[in-house]
Structures are given as structure tokens and as C-alpha cells.
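Scroll down for the structure; my scribbles are underneath it.
The values are calculated or read from the model by the stated rules, or taken from the named source; none is laboratory data. The model shown is predicted, which means the values in this text are computed figures rather than measured ones. Note that each Cβ is placed from the backbone with ideal geometry, even for glycine, and that neighbours are counted across all protein chains shown.
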Amino acid sequence: MAAAQQVGAALPGTSAAPKPLSGLDLYSRFAFAGAVCCAVTHGGLTPVDVVKTRIQLDPVTYNRGLFGGFRQVIANEGAGALLTGVGPTFAGYFLQGAFKFGGYEFFKQQSINLLGYETASNNRTAVYLASAATAEFFADIALCPLEATRIRLVSEPTFASGLVSGFSKIMKNEGVGAFYSGFGPILFKQVPYTMAKFVVYEKVAESIFKNFVDKNTASDGTKTVVNLGSGLIAGFAAAIVSQPADTMLSKINKTKGLPGEGTTSRLIKIAKELGLRGSYAGIGARLFMVGTLTAGQFAIYGDIKRVLGATGGVEISKA
């Protein structure tokens, strides 16, 4: 009887099957899933980010690698210092994740509308790159003020007690412009990072589903494992691509520029001071951090989408 009722649900005159989500109903779910996955992963890895930022800003003192850096921070400032900046990290990456993941899905759909499905599928690498770059641009507008606050709190432990006080102090003493002094480098960091992150994830997942796992019959658990593995590889690629800009972002947000000194001239000066080797200070910590958080992001994102019924995303892979 149950089987007959289920079949009957699709027949004329009976209850219709659930209508696939679209428009705001769909993209708001993508945005929420992206917000949660980014806030949870970045917030959870705050201690690693604190150590990574210390190594970037003071490599002479913090010269013992990731695990040695943990011991140094705890010995010098106490275990609580490892959670410095956790407030702006959660808030900033909640907003950024919503724009990044929701925007990525949205701009993929716009590419299909513009190019047609077949053309978009045949040129999917370009679609992935363009969608990721556009989504990240808007995401960084939301992220930049909170990232500037986080870096100031991490680089100057006595600057303020937390998100609200740190944000207010920067606003009062330096003005709105101070929040966006790092907008150039954050774009320089985040746009290539996100482009690498999404295109490598899409390509690795496509290869796994094409050659090793049947996507149509795979269990939810198997899909989560695929998302984790694909995300880990994507995270390593994204970390390597964006590391120099990440180091410059930490440097430029540490202190105010000289009177009359523009952002571009500050970036050029910092780049000369760092050199290639200096720009990769803290790469070990960042590989661990970005690989872990990217794997977690794609796993959480996929799981939340399934729970929310957001299954109408754009699929243009050949898997």
C-alpha cells in the first residue's frame, strides 16, 4: 500500500512530488551552508591562525615551526592567547562564507544562463574560475573590516579585549578607511585562493566520481569522504597560491602606514622587505590550517545542503 501511495503521488489528481528549490529559497540555503561551514572551520582553527600570524609577523622570535610556536605562545602569554581574535574570526567568516559559497553557486548559474548548458559544461574550468573570483570579490567586502580587527588583536595582544572593543577602537581612532587598508592585499590573497580552492575541488571530485565512485549510488557517508579528500587537496593548492599575499596582509594590518603613505607603496615596500623566502614564512602552519579547514568546509557544506534539501545546485561536471 505504501508503495502504491508513493507512486500515486506523481499521478494527475494526487499530491504532487516536492518541487525542486530555486531562486531565493535555494540560494539562501547555499549561503547559510557556506556561512556555517566557514565560521565553524575558521573559528575552530583560531589557535593555528594565531601561531601562523605570529610566525609571519615575528619570524626571528617564532622560529621553531608550528608546534614549537604553540609552546612559545603558551609559555609567553598563556593558553588563552591561542583564542585571540576568535570573535572577529567567527563573525567575519560567517559573512564571507555566505557570500563565497552562495555567490559561487549563483554565478555558476548565471554563466549557464549566458552561455548555455553545453557551452558552460565544455568550458567548466573557466566557469569555475570566473564564478569563484566574482563571488570572492563581494565576500571580501564583508570580510575585510573583521579581518583587519582580528589581525590587530593577534598582532597586538593589548590592543583591545575582543571584537566589539577592537572594532570600536579602530573606528574611533583611525576611521572607516583603516578597515579597508588591507582590501588590496586581501583581494590579492583571497581571489586566487578561492579560484584555486574551487577549481581544484571540482576537478578532483569529478575525477573521483568518474573513475572510482558511482555518484548516483554512493551513500551520503561516501560523498562526505569524497568531499573531505577533494577539499584537502584543494586546500593545499590554495594555500601555496595565496601564501605571499597572506603574509603581506598580516604585515600591512599590523601597524598604520606613515603619514601620506598609500596602500600600494606600503605593499611594494613590504614585498621588497620580505623577498620570496620571507613571503612564505609560516607556510607549514598554513598548509596544515588551510588543508584542514578546506576539507572540513566542503564536507560540512555538502552535508548541510543535503539536510536543507538544497539539491538544485548547478552541476556541469562530466562525472
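Counting only helices (runs of 4 or more DSSP H) wholly contained in the range 110-179, the ones carrying 3 or more residues that are touching a Gly at 6+ places or on another chain (Cβ under 7 Å) and crowded, with 16+ Cβ neighbours inside 10 Å occupy 124-155.
Every condition in (1) farther than 25 Å from residue 47 by Cα; (2) over 14 Å from the mean Cα position of the chain (by Cα) is met by residue 195 except one, and the failing one is (2). Output the residues belonging to the range 213-230 that are of a type in the set (A, V, I, L, M, F, W, C) and modelled with pLDDT of 95 or more. The answer is 225, 226, 228.
The rows are residues; the columns are (1) in contact with a Phe, Trp or Tyr (Cβ under 9 Å, 6 or more places away or on another chain); (2) farther than 20 Å from residue 147 by Cα; (3) among the small types (Gly, Ala, Ser).
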{"residue": "68", "(1), (2), (3)": "yes, yes, yes"}
{"residue": "77", "(1), (2), (3)": "no, yes, no"}
{"residue": "88", "(1), (2), (3)": "yes, no, no"}
{"residue": "91", "(1), (2), (3)": "no, no, yes"}
{"residue": "106", "(1), (2), (3)": "yes, yes, no"}
{"residue": "119", "(1), (2), (3)": "no, yes, no"}
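When the range 190-213 is limited to residues that are basic (Lys, Arg) and surrounded by fewer than 24 Cβ atoms within 10 Å (Cβ to Cβ), the one that is farthest from residue 234 (Cα to Cα) turns out to be 210. Among the residues of the range 118-136, those identified as of a type in the set (A, V, I, L, M) and within 15 Å of residue 197 (Cα to Cα) are 126, 127, 129, 130, 132, 133, 135. If you filter the range 67-91 down to residues that are touching a residue at least 40 places away in the same chain (Cβ under 8 Å) and touching a Ser or Thr at 6+ places or on another chain (Cβ under 8 Å), you find that the one that is nearest to residue 298 (Cα to Cα) is 89. Can you name every residue in the range 86-114 that is within 21 Å of residue 138 (Cβ to Cβ) and of a type in the set (A, V, I, L, M, F, W, C)? If the condition is that a residue be within 21 Å of residue 138 (Cβ to Cβ) and of a type in the set (A, V, I, L, M, F, W, C), then 90, 91, 94, 95, 98, 99, 101, 106, 107, 112, 114 are the ones that fit.
For first residues located in the range 138-151 and among the acidic types (Asp, Glu), partners that are crowded, with 24+ Cβ neighbours inside 10 Å and lie 6+ apart or on another chain with Cβ distances below 6 Å form the pairs 140/186; 140/190; 147/92.
Among helices (runs of 4 or more DSSP H) entirely within the range 1-108, having at least 1 residues that are at pLDDT below 85 and surrounded by 23 or more Cβ atoms within 10 Å (Cβ to Cβ) singles out 46-57.
In a residue-by-residue description of the range 244-257, the property of being acidic (Asp, Glu), assigned to a helix (DSSP H, G or I), at pLDDT below 85 and buried (at least 17 other Cβ atoms within 10 Å of the Cβ) applies to at least one position. Does any residue of the range 268-286 turn out to be within 24 Å of residue 59 (Cα to Cα), among the basic types (Lys, Arg), in contact with a Pro (Cβ under 9 Å, 6 or more places away or on another chain) and at pLDDT below 85? Checked the range 268-286: no residue is within 24 Å of residue 59 (Cα to Cα), among the basic types (Lys, Arg), in contact with a Pro (Cβ under 9 Å, 6 or more places away or on another chain) and at pLDDT below 85.
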